[in-house]
Amino acid sequence: MPANGNTGIAISQVSRTWFHGVYLQDDWKATRKLTVNLGLRWEVQRPVTDRYNRQASFNYGAVNPISAAVGHNYLGELVFASSGSRGLTNTNYKNFAPESDSLIK
(Lines give C-alpha, C1' and ligand atoms only; values in the text may rest on other atoms or scores of the structure.)
Protein backbone atom coordinates (compact mmCIF):
# COMPACT_ATOMS: atom_id res chain seq x y z
CA MET A 1 0.00 0.00 0.00
CA PRO A 2 1.54 3.36 -1.02
CA ALA A 3 2.23 5.92 1.70
CA ASN A 4 1.95 9.00 -0.55
CA GLY A 5 1.93 10.17 -4.13
CA ASN A 6 1.54 13.17 -6.34
CA THR A 7 1.11 14.24 -9.89
CA GLY A 8 1.58 17.50 -11.71
CA ILE A 9 0.52 19.19 -14.89
CA ALA A 10 2.84 21.82 -16.31
CA ILE A 11 0.91 24.53 -18.13
CA SER A 12 2.94 27.37 -19.55
CA GLN A 13 1.23 30.72 -19.55
CA VAL A 14 1.05 32.45 -22.93
CA SER A 15 -0.52 35.79 -22.05
CA ARG A 16 -0.09 39.31 -23.34
CA THR A 17 -1.45 42.81 -22.93
CA TRP A 18 -1.05 46.03 -24.88
CA PHE A 19 -0.54 49.42 -23.26
CA HIS A 20 -0.63 52.60 -25.33
CA GLY A 21 -0.05 56.14 -24.10
CA VAL A 22 0.17 59.58 -25.69
CA TYR A 23 1.29 62.75 -23.93
CA LEU A 24 1.01 66.29 -25.27
CA GLN A 25 2.63 69.25 -23.52
CA ASP A 26 3.05 72.94 -24.15
CA ASP A 27 4.53 75.91 -22.25
CA TRP A 28 2.88 79.29 -22.46
CA LYS A 29 4.70 82.36 -21.19
CA ALA A 30 1.91 84.66 -20.00
CA THR A 31 4.27 87.33 -18.64
CA ARG A 32 7.97 87.65 -17.98
CA LYS A 33 7.48 86.07 -14.55
CA LEU A 34 4.61 83.65 -15.24
CA THR A 35 4.94 80.50 -17.34
CA VAL A 36 2.02 78.09 -17.63
CA ASN A 37 2.86 74.48 -18.40
CA LEU A 38 -0.09 72.39 -19.66
CA GLY A 39 -0.14 68.72 -20.50
CA LEU A 40 -2.65 66.02 -21.35
CA ARG A 41 -2.06 62.27 -21.23
CA TRP A 42 -4.28 59.60 -22.82
CA GLU A 43 -3.71 55.96 -21.92
CA VAL A 44 -5.34 52.79 -23.25
CA GLN A 45 -4.64 49.44 -21.60
CA ARG A 46 -6.04 46.43 -23.39
CA PRO A 47 -7.17 43.45 -21.29
CA VAL A 48 -4.80 40.57 -20.62
CA THR A 49 -5.42 37.71 -23.03
CA ASP A 50 -4.14 34.14 -23.18
CA ARG A 51 -3.37 32.45 -26.49
CA TYR A 52 -5.36 29.35 -25.52
CA ASN A 53 -8.19 31.15 -23.62
CA ARG A 54 -7.31 29.54 -20.27
CA GLN A 55 -8.31 32.50 -18.11
CA ALA A 56 -11.20 32.88 -15.68
CA SER A 57 -12.52 35.63 -13.45
CA PHE A 58 -15.38 36.12 -11.01
CA ASN A 59 -18.17 38.55 -11.90
CA TYR A 60 -19.77 39.68 -8.64
CA GLY A 61 -22.68 41.47 -10.36
CA ALA A 62 -23.86 38.68 -12.69
CA VAL A 63 -26.81 36.47 -11.78
CA ASN A 64 -25.60 32.97 -10.95
CA PRO A 65 -26.94 30.25 -13.30
CA ILE A 66 -28.14 28.22 -10.30
CA SER A 67 -30.73 30.94 -9.59
CA ALA A 68 -33.20 29.49 -12.12
CA ALA A 69 -33.07 26.06 -10.50
CA VAL A 70 -33.61 27.26 -6.90
CA GLY A 71 -36.10 30.06 -7.61
CA HIS A 72 -34.08 32.84 -5.96
CA ASN A 73 -31.58 35.29 -7.45
CA TYR A 74 -28.01 34.75 -6.29
CA LEU A 75 -25.23 37.00 -7.51
CA GLY A 76 -21.79 35.88 -8.61
CA GLU A 77 -20.66 33.86 -11.59
CA LEU A 78 -17.39 32.36 -12.78
CA VAL A 79 -16.60 33.74 -16.26
CA PHE A 80 -14.28 31.88 -18.61
CA ALA A 81 -12.51 33.35 -21.62
CA SER A 82 -13.64 32.19 -25.05
CA SER A 83 -12.68 32.87 -28.64
CA GLY A 84 -15.41 35.54 -28.82
CA SER A 85 -14.43 37.22 -25.54
CA ARG A 86 -10.74 36.66 -24.90
CA GLY A 87 -10.16 39.48 -22.42
CA LEU A 88 -11.81 39.32 -19.02
CA THR A 89 -12.23 43.08 -18.69
CA ASN A 90 -13.47 45.85 -20.97
CA THR A 91 -11.06 48.35 -22.50
CA ASN A 92 -11.35 51.88 -21.08
CA TYR A 93 -10.90 54.43 -23.86
CA LYS A 94 -11.72 57.41 -21.58
CA ASN A 95 -8.56 57.38 -19.48
CA PHE A 96 -7.41 61.02 -19.75
CA ALA A 97 -5.14 62.67 -17.20
CA PRO A 98 -4.70 66.46 -17.18
CA GLU A 99 -1.61 68.13 -15.80
CA SER A 100 -1.03 71.81 -15.27
CA ASP A 101 1.55 73.81 -13.37
CA SER A 102 1.99 77.55 -12.96
CA LEU A 103 5.54 78.64 -12.29
CA ILE A 104 6.58 82.12 -11.23
CA LYS A 105 10.20 82.81 -12.11
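The values are calculated or read from the model by the stated rules, or taken from the named source; none is laboratory data. Please read all numbers here as calculations on a predicted model, not as lab measurements. Note that we place each Cβ from the backbone using ideal geometry, even for glycine, and neighbour counts take in every protein chain shown. Heads up: the accessible areas ignore ligands, DNA and RNA and are worked out on the full protein's heavy atoms, side chains in. Shrake-Rupley method; radii C 1.70, N 1.55, O 1.52, S 1.80 Å.
With every protein chain kept in place and ligands, DNA and RNA left out, what is the accessible area per residue of segment 46-98? Probe 1.4 Å, answer in Å².
Averaged over the residues of segment 46-98, the accessible area is 78 Å².
Report, to the nearest whole %, how much of the accessible area of segment 16-105 belongs to carbon and sulfur atoms, 1.4 Å probe, protein only.
On segment 16-105, the fraction of accessible area on carbon and sulfur atoms equals 56 percent.
Gaussian network model of the chain, Cα springs within a sub-10 Å range: biggest mean-square fluctuation belongs to which of 17, 49, 35?
Its mean-square fluctuation being the largest, the pick is 35.
Of all alpha-carbon pairs in segment 1-62, indicate the percentage at a distance above 17 angstrom.
Within segment 1-62, distances greater than 17 Å cover 72 percent of Cα pairs.
Apply 1/(1 + (r/R0)^6) to the Cβ-Cβ distance of residue 14 and residue 92, taking R0 = 22 Å, and write down the FRET efficiency to the nearest 0.05.
0.35
Would you calculate, for the chain, the mean residue ellipticity at 222 nm contributed by helices, counting each DSSP H stretch of 4 or more residues as -39,500 (n - 2.57) and dividing by all residues, to the nearest 500?
Helix-only estimate at 222 nm: -500 deg cm²/dmol.
Determine the gain in length on full extension of the stretch residue 64-residue 78; use 0.36 nm per residue of separation and subtract their C-alpha separation, reporting nm with one decimal.
That works out to 4.2 nm of additional length.
List, in order, the whole-Hz ³J(HN,Hα) value for each residue of segment 9-19 obtained from phi through the Karplus relation with A = 6.51, B = -1.76, C = 1.60 and θ = phi - 60°; use x for Gly and Pro.
10, 8, 10, 8, 7, 10, 10, 8, 8, 10, 10
With N denoting the number of residues in the chain, provide Rg(C-alpha) divided by 2.2 N^0.38 Å, to two decimal places.
In units of the globular-protein estimate, the chain measures up at 1.93.
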